[in-house]
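Enquirer: This is the structure I want to talk about, given as structure tokens.
The values are calculated or read from the model by the stated rules, or taken from the named source; none is laboratory data. For clarity, every value in this text was computed on a predicted model and none was experimentally measured. Quick reminder, even Gly has a Cβ in these numbers, built from the backbone with ideal geometry, and neighbours come from all protein chains shown.
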Amino acid sequence: MTSPFAPRGTHEEIEEGRAFAPKFGPDGLIPAIVTDAEEGGVLMFAHMNADALRATLETGIAHFWSRSRGALWRKGETSGHEMAVRELRVDCDQDALWLSVAVAGTGAACHTGRKSCFYRAAAFGPGAATADLAFVDDARLFDPAKVYRGA
């Protein structure tokens, strides 16, 4: 299968050119941050390999590489909460991706049933050297035990 990606060019071509030449890391992965297309909030962070990025571009549905399972993964294949890509951007040196998506179903992106995987906050500032996390934006939109039963 031929690659839909351009070969890596010069520094200037990569930063100022129109050719899509993503830089995958030594592990074959590129980081991808995913945000809500309507509200703009961060939903999740994941990795893509060339196959996941290719599948995303071909279908318009977000695909990722699951490092824990060692497999290609279409977001929402089990839960039904597919992510329709509204826009896919690459950063200046093409080594990170940003997907703006619309989430099907309940709108939950996290396997815990929450809208975002980023539902806890760490304290910071003077005197905040603690390992405690505060729950924020943590309302569950679905019950994971029911959705992922048998998965």
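Results for (1) over 21 Å from Arg149 (Cα atoms); (2) in contact (Cβ under 8 Å) with a residue 24 or more places away in the chain; (3) in contact with a Gly (Cβ under 6 Å, 6 or more places away or on another chain); (4) surrounded by fewer than 14 Cβ atoms within 10 Å (Cβ to Cβ), shown as yes or no for each residue.
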site	(1), (2), (3), (4)
Trp65	yes, yes, no, no
Ser79	no, yes, no, no
Ala108	no, yes, no, no
Cys117	no, yes, no, no
Pro126	yes, no, no, yes
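Enquirer: Here is a follow-up. Give Ala32, Ala52 a once-over and let me know the one that is assigned to a strand (DSSP E or B), small (Gly, Ala, Ser) and under 16 Å from the mean Cα position of the chain (by Cα).
Expert: Details: Ala52 fails: assigned to a strand (DSSP E or B).
On inspection, the qualifying residue turns out to be Ala32.
Enquirer: Of everything in the range 35-49, what is surrounded by fewer than 18 Cβ atoms within 10 Å (Cβ to Cβ), assigned to a loop (DSSP other than H, G, I, E, B) and on the phi < 0 side of the Ramachandran plot? Give them in sequence order. Walk me through how you get there before you give the answer.
Expert: Just the residues of the range 35-49 that are surrounded by fewer than 18 Cβ atoms within 10 Å (Cβ to Cβ), to begin with: 37-42, 45.
Adding the requirement that they be assigned to a loop (DSSP other than H, G, I, E, B) leaves 37-41.
Matches in the range 35-49: Ala37, Glu38, Glu39, Gly41.
Enquirer: Inspect the range 8-28 for any residue being touching a Lys or Arg at 6+ places or on another chain (Cβ under 7 Å), farther than 24 Å from Ala108 by Cα, hydrophobic (A, V, I, L, M, F, W, C) and not in a loop (DSSP other than H, G, I, E, B) and give the result as yes or no. Steps first, please.
Expert: Pass one, the range 8-28, residues touching a Lys or Arg at 6+ places or on another chain (Cβ under 7 Å): 8, 14, 21, 23.
Subsequent filtering for residues that are farther than 24 Å from Ala108 by Cα retains 8, 14, 21, 23.
Of the ones still in play, those that are also hydrophobic (A, V, I, L, M, F, W, C) are 14, 21.
Narrowing further to those that are not in a loop (DSSP other than H, G, I, E, B): 14.
Yes, the range 8-28 has at least one match.
Enquirer: Further, regarding this structure: Glu15 fails exactly one of the following numbered conditions: (1) loosely packed, with under 14 Cβ neighbours inside 10 Å; (2) at positive phi; (3) not hydrophobic (A, V, I, L, M, F, W, C). What is the number of that condition?
Expert: Failing condition for Glu15: (2).
Enquirer: Do you know which of the residues in the range 82-106 that are buried (at least 16 other Cβ atoms within 10 Å of the Cβ) and in contact (Cβ under 8 Å) with a residue 60 or more places away in the chain is nearest to Glu12 (Cα to Cα)?
Expert: Among those residues, the one meeting the criterion is Gln94.
Enquirer: For the range 6-39, how many residues are closer than 24 Å to Tyr119 by Cα and touching a residue at least 40 places away in the same chain (Cβ under 8 Å)?
Expert: First, the residues of the range 6-39 that are closer than 24 Å to Tyr119 by Cα: 30-39.
Filter once more, keeping what is touching a residue at least 40 places away in the same chain (Cβ under 8 Å): 30-38.
Residues in the range 6-39 being closer than 24 Å to Tyr119 by Cα and touching a residue at least 40 places away in the same chain (Cβ under 8 Å): 9 in total.
Enquirer: Of all residues in the range 55-74 being in a loop (DSSP other than H, G, I, E, B) and either more than 10 Å from the chain's Cα centre (by Cα) or more than 22 Å from Gln94 (Cβ to Cβ) (or both), which is modelled with the highest pLDDT?
Expert: Filtering the range 55-74 for residues that are in a loop (DSSP other than H, G, I, E, B) and either more than 10 Å from the chain's Cα centre (by Cα) or more than 22 Å from Gln94 (Cβ to Cβ) (or both), the one modelled with the highest pLDDT comes out as Gly60.
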